[in-house]
Structure formats: C-alpha cells, structure tokens
Amino acid sequence: MTRTFTALIHKEDDWYVATCVEVGTVSQGKDTEEALRNLQEATELYLEEFPVEDTDRALVTTFEV
C-alpha cells in the first residue's frame with residue numbers, strides 16, 4: 001500500500017535536511033533530491049518497525065512575524 005507523506009526540506013550549511021512532518025523521521029543529503037530519497041528510505045524503515053494508522057495530511061502554510 002502506497003501512502004503519501006509531507007516532506008519539509010531546509011538547508012543547513014552544505015547539507016539539505018528533510019523531515020517527514022507526519023512521522024517525524026529526518027534525513028539529509030547533498031542536494032534536495034538526495035535528502036528526499038534518504039528520507040523516503042528512513043521513513044520506510046521506521047514504518048516497518050513502528051506502523052502508524054492512516055493520518056490526515058499535514059496542513060502546510062506560512063505566517064509573518
């Protein structure tokens with residue numbers, strides 16, 4: 001079964017850090033594509049050990065301060 005998750009990616013120094021919003025898994029890569037691939041693998045491994053029930057997709061928005 002394929003599920004869709006939300007990835008948040010930001011740059012830290014020379015690395016891109018990717019976080020799965022719904023599950024909390026984190027990974028990194030030299031570019032956004034590598035960070036996302038690594039996050040996908042980390043999330044798959046996490047879900048094998050700690051399955052989660054279907055959840056609603058995260059709401060992504062912006063705000064100003």
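The values are calculated or read from the model by the stated rules, or taken from the named source; none is laboratory data. Computed from a predicted structure; not experimentally measured. FYI the Cβ positions are ideal-geometry reconstructions off the backbone, even for glycines, and counts take in every protein chain you see. Quick note on the areas: whole protein, heavy atoms, side chains included, nothing else; ligands and nucleic acids left out. Shrake-Rupley method; radii C 1.70, N 1.55, O 1.52, S 1.80 Å.
Projecting the Cα positions of PHE50, THR32, VAL65 onto the charge dipole of the chain (unit charges on Cβ atoms of Lys, Arg, Asp and Glu, taken about the Cα centre) puts VAL65 furthest along the positive direction.
Please list, in order along segment 17-26, the HN-Hα scalar couplings obtained from phi with the Karplus expression 6.51 cos²θ - 1.76 cosθ + 1.60 (θ = phi - 60°), rounded to whole Hz, x for Gly and Pro. Working through the residues one at a time gives 10, 10, 10, 8, 4, 6, 9, x, 6, 9 Hz.
When the accessible area of the chain is split by element with a 1.4 Å probe, what percent falls to carbon and sulfur? If you can, show how the numbers build up before the last one.
Values: 2710 of 5440 Å².
Exposed carbon and sulfur together represent 50 percent of the surface.
Let me spell out the model: positive unit charges on the Cβ of Lys and Arg, negative unit charges on the Cβ of Asp and Glu, origin at the Cα centre of the chain. What dipole size does that give, in debye rounded to 20?
Values: 5 positive and 15 negative charges, 27 e Å.
The dipole of the chain has a size of about 120 debye.
Averaging the sequence gap over all C-alpha pairs within less than 8 Å and six or more residues apart, then dividing by the number of residues, gives the chain a relative contact order of 25 percent.
Kindly provide the helix-only [θ] at 222 nm of the chain, computed as the sum of -39,500 (n - 2.57) over DSSP H runs of four or more divided by all residues, to the nearest 500 deg cm²/dmol? List each step's numbers first, then the result.
Details: 1 runs with 18 residues, N = 65.
Roughly -9500 deg cm²/dmol at 222 nm, from the helical runs in the chain.
Looking at the chain, the chymotrypsin sites (Phe, Trp or Tyr not before Pro) that sit in a DSSP loop and have at most 12 other Cβ atoms within 10 Å of their own Cβ are PHE63. Between the beta carbons of PHE5 and GLU34, assuming R0 = 25 Å, the FRET efficiency works out to 0.90 to the nearest 0.05. Looking at the chain, the pairs of alpha carbons with a distance over 21 Å make up 27% of the total. To the nearest 10, the accessible area of GLU41 is 100 Å² with a 1.4 Å probe.
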